[in-house]
Amino acid sequence: EAQVTQNPRYLITVTGKKLTVTCSQNMNHEYMSWYRQDPGLGLRQIYYSMNVEVTDKGDVPEGYKVSRKEKRNFPLILESPSPNQTSLYFCASSKGTGARTNEKLFFGSGTQLSVL
Amino acid sequence: SQQGEEDPQALSIQEGENATMNCSYKTSINNLQWYRQNSGRGLVHLILIRSNEREKHSGRLRVTLDTSKKSSSLLITASRAADTASYFCAWNSGGYQKVTFGTGTKLQVIP
């Protein structure tokens with residue numbers, strides 16, 4: 001079954017404790033992206049990746065890191081989480097490059113992160 | 001911010017009625033998409049309309065796009081209780097890589 005898998009589904013942590021949220025897709029998609037969703041703000045893009053070893057900042061990259069060492073995986077790393085990073089996070093992927101990029105995004109189920 | 005807005009923020013209708021949601025964006029676009037989100041879950045793609053298209057249909061969904069006004073609308077006809085969800089528009093611009101989402105419309109369909 002074609003899917004984007006995020007883990008964990010829920011995560012509670014404390015300020016400053018490094019964490020990683022994993023994302024994996026089995027559709028051989030080139031494009032992957034991370035979003036955070038906050039009430040009243042919709043989804044805001046954190047980072048995206050056009051292909052292996054190609055990543056770039058979205059609208060709200062501060063406090064986050066990503067890596068794309070393999071095509072299927074795109075982990076989101078919070079080196080020193082802070083309470084303002086408490087949010088619902090989504091990973092998404094789509095096929096193609098150039099004009100076909102982002103034609104249809106497939107989303108993971110989300111990770112609800114609470115930073116105390 | 002490059003985010004657009006959706007209008008209304010919330011909409012409550014009776015089953016069988018039509019629901020219309022509007023999206024405004026701020027930049028030139030390559031295409032515009034609509035997504036649905038059930039309470040806290042991942043978004044699901046509904047329909048895509050390209051910048052050179054003005055209207056598109058898919059089942060009970062009808063999407064229009066007016067690039068001169070930088071706006072789009074999503075019409076759900078003959079709504080059902082199962083249509084209760086949040087609906088987001090999204091568009092890509094800026095060299096194709098960025099996808100920007102609107103703030104969403106929360107639709108409640110009352111049985």
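The values are calculated or read from the model by the stated rules, or taken from the named source; none is laboratory data. Because the structure is a prediction, the values reported are computed rather than measured. Glycine also receives a Cβ, built like all others from the backbone with ideal geometry; neighbour counts cover every protein chain displayed.
Observations on the model:
Residue by residue, here is whether (1) modelled with pLDDT of 95 or more; (2) surrounded by fewer than 21 Cβ atoms within 10 Å (Cβ to Cβ); (3) in contact with a His (Cβ under 9 Å, 6 or more places away or on another chain); (4) not in a loop (DSSP other than H, G, I, E, B) holds:
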{"position": "B:Met21", "(1), (2), (3), (4)": "yes, no, no, yes"}
{"position": "B:Asn52", "(1), (2), (3), (4)": "no, yes, no, no"}
{"position": "B:Thr64", "(1), (2), (3), (4)": "yes, yes, no, yes"}
{"position": "B:Leu75", "(1), (2), (3), (4)": "yes, yes, no, yes"}
{"position": "B:Trp91", "(1), (2), (3), (4)": "no, no, no, yes"}
{"position": "B:Tyr96", "(1), (2), (3), (4)": "no, yes, no, no"}
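- Scanning segment B:1-55 for residues that are more than 10 Å from chain A (Cβ to nearest Cβ) and of a type in the set (Asp, Glu) yields B:Asp7, B:Glu15, B:Glu17, B:Glu53, B:Glu55.
- Residue count for segment A:28-45, restricted to those that are in a strand (DSSP E or B) and surrounded by 15 or more Cβ atoms within 10 Å (Cβ to Cβ): 11.
- Among the residues of segment A:46-100, just one is touching a helix residue (DSSP H, G or I) at 6+ places or on another chain (Cβ under 9 Å), surrounded by 20 or more Cβ atoms within 10 Å (Cβ to Cβ) and not in a strand (DSSP E or B), namely A:Tyr64.
- Taking the criterion of being surrounded by 14 or more Cβ atoms within 10 Å (Cβ to Cβ), at negative phi and in a loop (DSSP other than H, G, I, E, B), the residues of segment B:98-111 that qualify are B:Gly102, B:Thr103.
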